[in-house]
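Trainee: Have a look at the structure that comes next, please.
No value in this document is a laboratory result; all are computed from the given coordinates. Small disclaimer: the values here were computed from a predicted structure and weren't measured.
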Amino acid sequence: MEERQHYSSKHLIEDVVGLLKARGLEPQRDPALRWDRSIGASRLLRGLGIADLEDHQGALDPDSSINYNRRIHGD
């Protein structure tokens, strides 16, 4: 039986930021886009067959639907 691999999406985000800086880019971390970064990193890991160590339950709607409404409805 194959052992499942795990990695932290938070660490992946830090790794990518470091890589982009090393390539001469200036990544921005808009707090309003935290959800996008978190879920995007988790999806990338899953797409590569690696389980995310982070719990994204709180990332779904941390601001009581403010971010949801902005993203979905433009409110």
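Trainee: Step through the residues of the stretch 23-33 one at a time and calculate ³J(HN,Hα) from phi using the Karplus curve (6.51 cos²θ - 1.76 cosθ + 1.60, θ = phi - 60°), rounding each to whole Hz and writing x for Gly and Pro.
Mentor: So the J values, rounded to whole Hz, are 8, x, 9, 10, x, 10, 10, 5, x, 5, 9.
Trainee: Counting only residues 5 or more places away or on other chains, whose amide H sits under 5 Å from the amide H of Ser8 once H atoms are built in the peptide plane?
Mentor: Under 5 Å from the amide H of Ser8: Leu53.
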